[in-house]
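Asks: This is the structure I want to talk about, given as structure tokens.
The values are calculated or read from the model by the stated rules, or taken from the named source; none is laboratory data. Note that the structure is a prediction, hence the values are computed from the model and not measured. In this analysis, Cβ positions are derived from the backbone assuming ideal geometry, glycine residues included, and neighbour counts consider all displayed protein chains.
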Amino acid sequence: AFRDVTDGHSNQRIGLCVIAGNISPIDVITHVPILCEEANIPYIYVPSKEDLATAGTTKRPTCCVLVMTKPAKGEINEEVKEKLKSDYDHVVAEVAEVTSSMF
């Protein structure tokens, strides 16, 4: 997942970056928000890497995830694609609202 986020920046993938807040040492992820800002990718923190792993349906703790609007491989039908895009736009708007109230 970490590689997907950093590769997403270099490959100009569009998505929402979710970063775990309890990573140690913190230096492992301190550059990720900078990469996101440079690529205009919205990002948000969640409390723990364990929660992020659970949300991503993996047993392995995860430091960050890039949620994309289309799959990295394969295709999905148009109806599912439209639903995913709508849900994604809604979440990104909520993230923007939350982060704008912080600054």
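Asks: Within the stretch 57-78, can you find the residues that are within 16 Å of Tyr43 (Cα to Cα) and either among the acidic types (Asp, Glu) or not in a strand (DSSP E or B) (or both)?
Replies: Listed by number, the residues that qualify are Thr62, Cys63, Thr69.
One line per residue, one yes/no per condition, for (1) of a type in the set (Ser, Thr, Tyr); (2) touching a Ser or Thr at 6+ places or on another chain (Cβ under 7 Å); (3) modelled with pLDDT of 85 or more:
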site	(1), (2), (3)
Ile19	no, no, yes
Lys49	no, yes, yes
Cys63	no, no, yes
Met68	no, no, no
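Asks: I'd like the full set of residues that are more than 14 Å from Ile19 (Cα to Cα), surrounded by fewer than 16 Cβ atoms within 10 Å (Cβ to Cβ) and not charged (D, E, K, R), limited to the stretch 36-67. Reasoning before the result, please.
Replies: Applying the first criterion (more than 14 Å from Ile19 (Cα to Cα)) to the stretch 36-67 yields 38-40, 57-60.
Of the ones still in play, those that are also surrounded by fewer than 16 Cβ atoms within 10 Å (Cβ to Cβ) are 38, 40, 57-60.
Passing the criteria: Asn40, Thr57, Thr58.
Asks: Right, next: Anything in the stretch 38-66 that is closer than 20 Å to Ser100 by Cα and under 13 Å from the mean Cα position of the chain (by Cα)? List them, or say none. Break it down into steps so the answer makes sense when it comes.
Replies: Here is the first cut: in the stretch 38-66, the ones closer than 20 Å to Ser100 by Cα are 38-47.
Listed by number, the residues that qualify are Ala39, Asn40, Ile41, Pro42, Tyr43, Ile44, Tyr45, Val46.
Asks: Scan the stretch 70-84 residue by residue and report those that are among the basic types (Lys, Arg) and modelled with pLDDT under 85. Give the derivation first.
Replies: Quick first cut of the stretch 70-84, residues among the basic types (Lys, Arg) only: 70, 73, 81, 83.
Hits for the stretch 70-84 are Lys70, Lys73, Lys81.
Asks: Scan the stretch 14-35 residue by residue and report those that are crowded, with 16+ Cβ neighbours inside 10 Å, closer than 20 Å to Arg60 by Cα and among the aliphatic types (A, V, I, L, M).
Replies: Within the stretch 14-35, Val18, Ile19, Ala20, Ile23, Ile29, Val32 qualify.
Asks: Okay, next question. If Lys85 meets every condition in (1) in contact (Cβ under 8 Å) with a residue 40 or more places away in the chain; (2) surrounded by 11 or more Cβ atoms within 10 Å (Cβ to Cβ) apart from one, which number is that one?
Replies: All conditions are met except number (1).
Asks: Can I ask one more? Being surrounded by fewer than 11 Cβ atoms within 10 Å (Cβ to Cβ) and of a type in the set (Lys, Arg) is the filter here; which residues of the stretch 68-82 pass it?
Replies: Lys73 - this is the single residue of the stretch 68-82 that is surrounded by fewer than 11 Cβ atoms within 10 Å (Cβ to Cβ) and of a type in the set (Lys, Arg).
Asks: Check Ser24 against each of (1) part of a loop (DSSP other than H, G, I, E, B); (2) in contact with a Ser or Thr (Cβ under 9 Å, 6 or more places away or on another chain); (3) of a type outside the set (A, V, I, L, M, F, W, C) and name the one condition it does not meet.
Replies: The single condition Ser24 does not satisfy is (2).
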